[in-house]
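Written out below as structure tokens is the structure these notes cover.
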Amino acid sequence: MNSEPITLRRGTPEDLPSIERIQSASPEASQWNVREYLEYDLLVAVYAQSVAGFAVARRVAEDESELLNLAVEPCLRRRGIARRLVTELTALHSGALWLEVCESNQKARKLYVSLGFIESGQRPNYYPISNESAIVMKVHS
């Protein structure tokens, strides 16, 4: 990665093909219909004039939000992009920010803990394909 900055902005309909490609290349991420992301708070990280990652969250109550999905272009991971996206969402969503993460996704769990998330529960057999449990995590902003 060169010295070109990473910028964050709201996602647009024009970003959906890139978001869909990143999501498809990220089997650990939820594989949802990306068009529905436009109904929520969709952020994209832009690097070298291309979408490098995305995060989407929704408000579920006055003081609670949920991180629905997060993924970064595989070749650009471990460069702080996911961290910046989650930090920005935390700033935009006052109160508690909740998420569910696959129990085996240790890299994501480590990232979330480093951002102040705490494990607050487990949903057994949450993921239908693998029957794997989800770890419920939250952070307060």
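Has region 103-113 got any residue that is touching a Pro at 6+ places or on another chain (Cβ under 7 Å) and at pLDDT 95 or above?
no
Checking Glu88 against (1) outside any helix (DSSP H, G or I); (2) touching a residue at least 12 places away in the same chain (Cβ under 8 Å); (3) not hydrophobic (A, V, I, L, M, F, W, C), only one condition comes out false. Which one?
Just one mismatch for Glu88, condition (1).
With respect to Ala71, is the statement that it is under 25 Å from Glu4 (Cα atoms) and buried (at least 16 other Cβ atoms within 10 Å of the Cβ) true? Show your work before the answer.
On the way: under 25 Å from Glu4 (Cα atoms): yes; buried (at least 16 other Cβ atoms within 10 Å of the Cβ): yes.
So Ala71 fits the description; yes.
Could you tell me which numbered condition Gln122 fails, if it satisfies all but one of (1) of a type outside the set (Lys, Arg); (2) in contact with a Leu (Cβ under 7 Å, 6 or more places away or on another chain); (3) part of a strand (DSSP E or B)?
Among (1) of a type outside the set (Lys, Arg); (2) in contact with a Leu (Cβ under 7 Å, 6 or more places away or on another chain); (3) part of a strand (DSSP E or B), Gln122 violates only (2).
Report the residue count in region 89-99 for those that are closer than 20 Å to Ile22 by Cα and either at pLDDT below 95 or of a type in the set (Lys, Arg) (or both).
We begin by selecting, within region 89-99, every residue closer than 20 Å to Ile22 by Cα; these are 89, 99.
If we keep only those that are either at pLDDT below 95 or of a type in the set (Lys, Arg) (or both) as well, we get 89.
Adding up the residues that qualify gives 1.
Which numbered condition trips up Arg79, out of (1) exposed (fewer than 11 other Cβ atoms within 10 Å of the Cβ); (2) modelled with pLDDT under 95; (3) not acidic (Asp, Glu)?
The number of the failed condition is (1).
Only one of (1) buried (at least 17 other Cβ atoms within 10 Å of the Cβ); (2) touching an Asp or Glu at 6+ places or on another chain (Cβ under 6 Å); (3) of a type outside the set (Gly, Ala, Ser) fails for Val60. Which number is that?
So the condition that Val60 fails would be (1).
Would region 44-65 turn up any residue that is in a helix (DSSP H, G or I) and either over 14 Å from the mean Cα position of the chain (by Cα) or among the hydrophobic types (A, V, I, L, M, F, W, C) (or both)?
First, the residues of region 44-65 that are in a helix (DSSP H, G or I): none.
No, region 44-65 contains no residue that is in a helix (DSSP H, G or I) and either over 14 Å from the mean Cα position of the chain (by Cα) or among the hydrophobic types (A, V, I, L, M, F, W, C) (or both).
Looking at region 8-43, which of the residues that are of a type in the set (Asp, Glu) and in a helix (DSSP H, G or I) is farthest from Ala134 (Cα to Cα)?
Glu14
The values are calculated or read from the model by the stated rules, or taken from the named source; none is laboratory data. Note that the structure is a prediction, hence the values are computed from the model and not measured. When we count neighbours, we look across all protein chains shown, and the Cβ atoms used for this are built from the backbone with ideal geometry, even at glycine.
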